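Student: I am attaching a structure below and will ask some questions about it afterwards.
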Amino acid sequence: MKKAFTAIAGLALATAVAGTAIGQSGDEAAMKAVKARQDTMMLFAFNLGTLGGMAKGAIPYDADTASAAAKNLSLLSQLNMTAYWVEGTSTEQLGDKTEALPAIWSDMAGFEDKHMALTKAAADMEAAAGQGLDQLKGAVGAVGGSCGGCHKQFRVDN
(Lines give C-alpha, C1' and ligand atoms only; values in the text may rest on other atoms or scores of the structure.)
Protein backbone atom coordinates (compact mmCIF):
# COMPACT_ATOMS: atom_id res chain seq x y z
CA MET A 1 0.00 0.00 0.00
CA LYS A 2 2.77 2.42 0.95
CA LYS A 3 4.65 1.64 -2.28
CA ALA A 4 1.55 2.26 -4.39
CA PHE A 5 0.92 5.53 -2.55
CA THR A 6 4.51 6.64 -3.17
CA ALA A 7 4.20 5.87 -6.88
CA ILE A 8 0.88 7.69 -7.16
CA ALA A 9 2.19 10.66 -5.17
CA GLY A 10 5.19 10.89 -7.50
CA LEU A 11 2.95 10.81 -10.55
CA ALA A 12 0.68 13.45 -9.04
CA LEU A 13 3.65 15.71 -8.36
CA ALA A 14 4.98 15.30 -11.90
CA THR A 15 1.55 16.02 -13.34
CA ALA A 16 1.14 19.08 -11.11
CA VAL A 17 4.50 20.46 -12.19
CA ALA A 18 3.62 19.92 -15.84
CA GLY A 19 0.17 21.39 -15.30
CA THR A 20 1.60 24.63 -13.96
CA ALA A 21 3.39 25.13 -17.27
CA ILE A 22 0.10 25.18 -19.16
CA GLY A 23 -1.17 28.72 -19.57
CA GLN A 24 2.17 30.37 -18.84
CA SER A 25 4.20 32.09 -21.50
CA GLY A 26 7.79 32.40 -22.51
CA ASP A 27 10.90 30.99 -20.95
CA GLU A 28 9.32 30.20 -17.57
CA ALA A 29 6.74 27.83 -19.03
CA ALA A 30 9.31 26.25 -21.33
CA MET A 31 11.74 25.60 -18.51
CA LYS A 32 9.01 24.16 -16.28
CA ALA A 33 8.11 21.73 -19.06
CA VAL A 34 11.77 20.77 -19.49
CA LYS A 35 12.19 20.28 -15.75
CA ALA A 36 9.04 18.16 -15.53
CA ARG A 37 10.21 15.82 -18.27
CA GLN A 38 13.74 15.63 -16.87
CA ASP A 39 12.39 14.82 -13.42
CA THR A 40 10.16 12.14 -14.89
CA MET A 41 13.12 10.63 -16.74
CA MET A 42 15.05 10.58 -13.46
CA LEU A 43 12.22 8.55 -11.91
CA PHE A 44 12.41 6.14 -14.85
CA ALA A 45 16.19 5.86 -14.43
CA PHE A 46 15.96 5.31 -10.68
CA ASN A 47 13.50 2.45 -10.99
CA LEU A 48 15.17 0.90 -14.02
CA GLY A 49 18.49 1.14 -12.16
CA THR A 50 17.06 -1.02 -9.37
CA LEU A 51 15.76 -3.59 -11.84
CA GLY A 52 18.89 -3.54 -13.96
CA GLY A 53 21.04 -3.92 -10.86
CA MET A 54 19.10 -7.02 -9.90
CA ALA A 55 19.32 -8.42 -13.43
CA LYS A 56 23.11 -7.94 -13.44
CA GLY A 57 23.53 -9.39 -9.95
CA ALA A 58 24.78 -6.10 -8.48
CA ILE A 59 21.71 -5.96 -6.21
CA PRO A 60 20.23 -9.10 -4.65
CA TYR A 61 16.95 -10.05 -6.31
CA ASP A 62 13.93 -9.33 -4.13
CA ALA A 63 10.50 -10.00 -5.61
CA ASP A 64 8.75 -7.24 -3.63
CA THR A 65 11.33 -4.59 -4.51
CA ALA A 66 11.37 -5.68 -8.15
CA SER A 67 7.58 -5.61 -8.31
CA ALA A 68 7.43 -2.12 -6.79
CA ALA A 69 10.05 -0.72 -9.18
CA ALA A 70 8.34 -2.35 -12.16
CA LYS A 71 4.95 -0.98 -11.08
CA ASN A 72 6.50 2.49 -10.83
CA LEU A 73 7.86 2.15 -14.39
CA SER A 74 4.49 1.01 -15.64
CA LEU A 75 2.66 3.88 -13.95
CA LEU A 76 5.20 6.42 -15.20
CA SER A 77 4.90 5.13 -18.75
CA GLN A 78 1.13 5.67 -18.62
CA LEU A 79 1.46 9.30 -17.55
CA ASN A 80 0.09 11.75 -20.12
CA MET A 81 3.23 13.73 -20.89
CA THR A 82 1.76 15.95 -23.59
CA ALA A 83 2.39 19.11 -21.56
CA TYR A 84 6.08 18.19 -21.19
CA TRP A 85 6.80 18.47 -24.91
CA VAL A 86 6.11 22.15 -25.50
CA GLU A 87 7.09 23.47 -28.94
CA GLY A 88 10.28 25.49 -28.67
CA THR A 89 11.89 23.34 -25.95
CA SER A 90 14.40 21.40 -28.03
CA THR A 91 18.17 21.75 -28.16
CA GLU A 92 17.64 24.05 -31.13
CA GLN A 93 16.05 26.71 -28.90
CA LEU A 94 17.43 25.88 -25.44
CA GLY A 95 20.90 24.54 -26.18
CA ASP A 96 22.35 22.42 -23.40
CA LYS A 97 19.42 23.06 -21.04
CA THR A 98 17.73 20.05 -22.65
CA GLU A 99 18.65 16.88 -24.50
CA ALA A 100 15.44 16.81 -26.55
CA LEU A 101 16.20 16.89 -30.27
CA PRO A 102 14.01 18.84 -32.73
CA ALA A 103 13.14 15.45 -34.29
CA ILE A 104 10.55 15.00 -31.53
CA TRP A 105 8.39 17.77 -32.99
CA SER A 106 9.11 16.98 -36.64
CA ASP A 107 8.17 13.31 -36.08
CA MET A 108 5.65 13.42 -33.24
CA ALA A 109 3.93 10.27 -34.53
CA GLY A 110 7.22 8.35 -34.38
CA PHE A 111 7.91 9.77 -30.94
CA GLU A 112 4.48 8.66 -29.73
CA ASP A 113 5.11 5.19 -31.18
CA LYS A 114 8.29 4.96 -29.11
CA HIS A 115 6.32 5.98 -26.03
CA MET A 116 3.74 3.28 -26.72
CA ALA A 117 6.55 0.70 -27.05
CA LEU A 118 7.81 1.78 -23.62
CA THR A 119 4.31 1.50 -22.16
CA LYS A 120 3.99 -2.07 -23.44
CA ALA A 121 7.48 -3.08 -22.28
CA ALA A 122 6.83 -1.56 -18.84
CA ALA A 123 3.52 -3.44 -18.52
CA ASP A 124 5.30 -6.67 -19.45
CA MET A 125 7.98 -5.84 -16.88
CA GLU A 126 5.35 -5.28 -14.22
CA ALA A 127 3.89 -8.72 -14.93
CA ALA A 128 7.30 -10.44 -14.87
CA ALA A 129 9.38 -8.66 -12.23
CA GLY A 130 8.04 -10.44 -9.15
CA GLN A 131 7.99 -13.88 -10.78
CA GLY A 132 11.70 -14.59 -10.49
CA LEU A 133 15.13 -13.42 -11.55
CA ASP A 134 15.03 -15.10 -14.96
CA GLN A 135 11.73 -13.44 -15.83
CA LEU A 136 13.09 -10.10 -14.63
CA LYS A 137 16.19 -10.42 -16.81
CA GLY A 138 14.12 -10.97 -19.93
CA ALA A 139 11.88 -8.01 -19.24
CA VAL A 140 14.73 -5.62 -18.36
CA GLY A 141 16.19 -6.03 -21.82
CA ALA A 142 12.91 -5.09 -23.48
CA VAL A 143 12.46 -1.97 -21.33
CA GLY A 144 16.05 -0.91 -21.86
CA GLY A 145 15.66 -1.47 -25.59
CA SER A 146 12.55 0.69 -25.74
CA CYS A 147 14.32 3.46 -23.81
CA GLY A 148 17.36 3.24 -26.07
CA GLY A 149 15.26 3.18 -29.22
CA CYS A 150 13.70 6.50 -28.31
CA HIS A 151 16.93 8.05 -27.05
CA LYS A 152 18.81 7.11 -30.22
CA GLN A 153 16.37 8.99 -32.41
CA PHE A 154 15.09 11.77 -30.19
CA ARG A 155 17.74 12.62 -27.56
CA VAL A 156 21.21 14.13 -27.73
CA ASP A 157 23.78 11.33 -27.76
CA ASN A 158 25.77 11.57 -24.56
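Student: Can you go through 149, 110 and tell me which one is surrounded by fewer than 15 Cβ atoms within 10 Å (Cβ to Cβ), in a helix (DSSP H, G or I) and in contact (Cβ under 8 Å) with a residue 12 or more places away in the chain?
Tutor: Answer to the selection: 110.
Student: Counting just the residues of the range 76-87 that are in a loop (DSSP other than H, G, I, E, B) and surrounded by 14 or more Cβ atoms within 10 Å (Cβ to Cβ), which one comes out modelled with the lowest pLDDT?
Tutor: Going through the qualifying residues, I end up with 81.
Student: Condition check: surrounded by 15 or more Cβ atoms within 10 Å (Cβ to Cβ), in contact with a Phe, Trp or Tyr (Cβ under 7 Å, 6 or more places away or on another chain) and in a helix (DSSP H, G or I). Does residue 73 satisfy that?
Tutor: yes
Student: Moving on. Does the range 93-107 hold any residues that are part of a helix (DSSP H, G or I) and surrounded by 19 or more Cβ atoms within 10 Å (Cβ to Cβ), and which are they?
Tutor: 104
Student: Further question on the same structure: Taking residue 128 and the conditions (1) modelled with pLDDT under 95; (2) more than 27 Å from residue 33 (Cα to Cα), which numbered condition does it fall short on, given that it satisfies the others?
Tutor: (1)
Student: Using the structure shown, decide if residue 55 is assigned to a helix (DSSP H, G or I), surrounded by 14 or more Cβ atoms within 10 Å (Cβ to Cβ) and at pLDDT 95 or above.
Tutor: Taking the combined requirement at face value, the residue satisfies it.
Student: Moving on. Taking into account only those residues within the range 16-44 that are buried (at least 19 other Cβ atoms within 10 Å of the Cβ) and modelled with pLDDT under 85, which is nearest to residue 70 (Cα to Cα)? Give the derivation first.
Tutor: Taking the range 16-44 as the starting set, the residues that turn out to be buried (at least 19 other Cβ atoms within 10 Å of the Cβ) are 18, 21, 30, 32-34, 36-37, 40, 43.
Subsequent filtering for residues that are modelled with pLDDT under 85 retains 18, 21.
Numbers: 18: 23, 21: 28 Å.
Out of the qualifying residues, it is 18.
Student: How about the range 126-138: which of its residues are closer than 14 Å to residue 56 by Cβ and either of a type in the set (A, V, I, L, M, F, W, C) or surrounded by 16 or more Cβ atoms within 10 Å (Cβ to Cβ) (or both)?
Tutor: To start, the set of residues in the range 126-138 that are closer than 14 Å to residue 56 by Cβ comprises 133-134, 136-138.
If the condition is that a residue be closer than 14 Å to residue 56 by Cβ and either of a type in the set (A, V, I, L, M, F, W, C) or surrounded by 16 or more Cβ atoms within 10 Å (Cβ to Cβ) (or both), then 133, 136, 137 are the ones that fit.
Student: What's the number of the only condition in (1) surrounded by fewer than 14 Cβ atoms within 10 Å (Cβ to Cβ); (2) free of Cβ contacts under 8 Å to residues at least 24 places away in the same chain; (3) of a type outside the set (Val, Ile, Thr); (4) not in a loop (DSSP other than H, G, I, E, B) that residue 60 fails to meet?
Tutor: (4)
Student: Check whether at least one residue in the range 118-130 is under 30 Å from residue 30 (Cα atoms), of a type outside the set (Lys, Arg) and touching a His at 6+ places or on another chain (Cβ under 9 Å), and report yes or no.
Tutor: no
Student: Name the pairs: first residue in the range 118-132 and on the phi > 0 side of the Ramachandran plot, second residue assigned to a helix (DSSP H, G or I) and not polar (S, T, N, Q), Cβ to Cβ under 9 Å, at least 6 apart or on different chains?
Tutor: Close Cβ pairs (under 9 Å, with a partner that is assigned to a helix (DSSP H, G or I) and not polar (S, T, N, Q)) amount to 132/63.
The values are calculated or read from the model by the stated rules, or taken from the named source; none is laboratory data. Model, not experiment: these values are computed from the prediction. Note: ideal-geometry Cβ built from the backbone for every residue, glycine included; neighbour counts use all protein chains shown.
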